[in-house]
């Protein structure tokens, strides 16, 4: 298979931008993707809800969409008081089914109830939805309920339970650490039967509840040879770093922050995933790995041209001003002589000039003085680039 690194990196960058634009009030699981609304959230938000069974329909003809008729099995919520067990509800558009097939109809109240598309359910999935704690319930109570349904045999339930965790703030997942299913997580992280979309969450969970005996298993997963993008591996790396701390960081540097490992090229996506895990540890690691040790590790990626601009921005956010001179040497030199790297270096220097001593408001630190000096040198060397960066910087 031919890999297009530039296209793949573009996809990753778009994802990063979208993540940056997402609401920051309640940061969700950092390594998960999930539906906007889970089944239980949809149910909780509906003005009306009825359990129905398929009873018949009119198939579409020419410009007619047809219709489908359902018999009400149970009324769960009805602000109009117009629906009862045994009544029929007819919806526009024909939907294939057979007598007795169950669906959950959720509606919005207007002049009349406007029903949404039927949600196919079984008796089991229906009970799962209606018995779930309400969204306003305490986070630990709510997540404890869904914890029981991770990897449930009914995939619609398992997917939805995963979605609840994917949407949950990370701090709420941490609060469940002592109740996480340790033995099952060990199996799920390495199982080929578990959807890869859930790997990031399970790897992170294992790091939260694991013990030293889990490290070899996680190391095996992390260093597994691959030539493909592995969805969720960043969550496994983050979980491993939570478990091992600085000792674990050494393994990541030796296997992901190098161009070759065991004689084979390290796939760009693996390095990118490891960088994401470092960013996670900086934000959520709670000091498990010291700030300067994380900076030291990230600096190893400065010489990777495909990541240099991203790493420079990371180091600026982390206030690592130790590479000012090094960046000046890189400016305009191959293989870093590209606009994205140049802009990143200029932004870095601008940021360094604004990092004063806390509360003083005075540029009394060496990196502030050096940053101003280097910024002036760049202005003389590349005036238009500096002007553009300063114009569009926020």
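Things to note:
- Checked against the criterion of being more than 30 Å from residue 205 (Cα to Cα) and touching a residue at least 12 places away in the same chain (Cβ under 8 Å), the candidates 309, 303 yield just one match: 309.
- Within the range 108-119, considering residues that are under 35 Å from the mean Cα position of the chain (by Cα) and assigned to a loop (DSSP other than H, G, I, E, B), the one surrounded by the fewest Cβ atoms within 10 Å (Cβ to Cβ): 117
Listed here are the residues, each with its yes/no results for (1) surrounded by fewer than 18 Cβ atoms within 10 Å (Cβ to Cβ); (2) out of contact with any helix residue (DSSP H, G or I) (no Cβ under 7 Å at 6 or more places or on another chain); (3) more than 30 Å from residue 237 (Cβ to Cβ); (4) at pLDDT 95 or above.
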| site | (1), (2), (3), (4) |
| --- | --- |
| 30 | no, no, no, no |
| 38 | no, no, no, no |
| 51 | no, no, yes, yes |
| 57 | no, yes, yes, no |
| 74 | yes, yes, yes, yes |
| 86 | yes, yes, yes, yes |
| 98 | yes, yes, yes, no |
| 102 | no, no, yes, yes |
| 106 | no, no, yes, yes |
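- Taking the range 74-85 as the range and being within 11 Å of residue 52 (Cβ to Cβ) and part of a loop (DSSP other than H, G, I, E, B) as the test, the residues that pass are 83, 85.
- Considering the range 153-241, the qualifying helices (runs of 4 or more DSSP H), each wholly inside and each with 1 or more residues that are over 18 Å from the mean Cα position of the chain (by Cα), run over 155-167, 182-190, 199-209, 215-222.
- Some residue of the range 306-314 being over 16 Å from residue 275 (Cβ atoms), in contact with a helix residue (DSSP H, G or I) (Cβ under 7 Å, 6 or more places away or on another chain) and part of a loop (DSSP other than H, G, I, E, B): no
- Residues of the range 259-298 that turn out to be in a helix (DSSP H, G or I) and more than 24 Å from the chain's Cα centre (by Cα), as a count: 3
- Qualifying residue in the range 235-243 (condition: touching a strand residue (DSSP E or B) at 6+ places or on another chain (Cβ under 8 Å) and assigned by TED's automatic domain parsing to the domain that holds residue 285): no
- If you go through the range 61-73 and pick out every residue that is farther than 18 Å from residue 102 by Cβ, assigned to a strand (DSSP E or B) and touching a residue at least 12 places away in the same chain (Cβ under 8 Å), you end up with 1.
- Of the residues making up the range 319-356, those that are surrounded by fewer than 19 Cβ atoms within 10 Å (Cβ to Cβ), under 30 Å from the mean Cα position of the chain (by Cα) and over 15 Å from residue 371 (Cβ atoms) are 338, 339, 340.
The values are calculated or read from the model by the stated rules, or taken from the named source; none is laboratory data. None of these values were measured; they are calculated from a predicted model. Glycine gets a Cβ as well: all are built from the backbone with ideal geometry, and neighbour counts include every protein chain shown.
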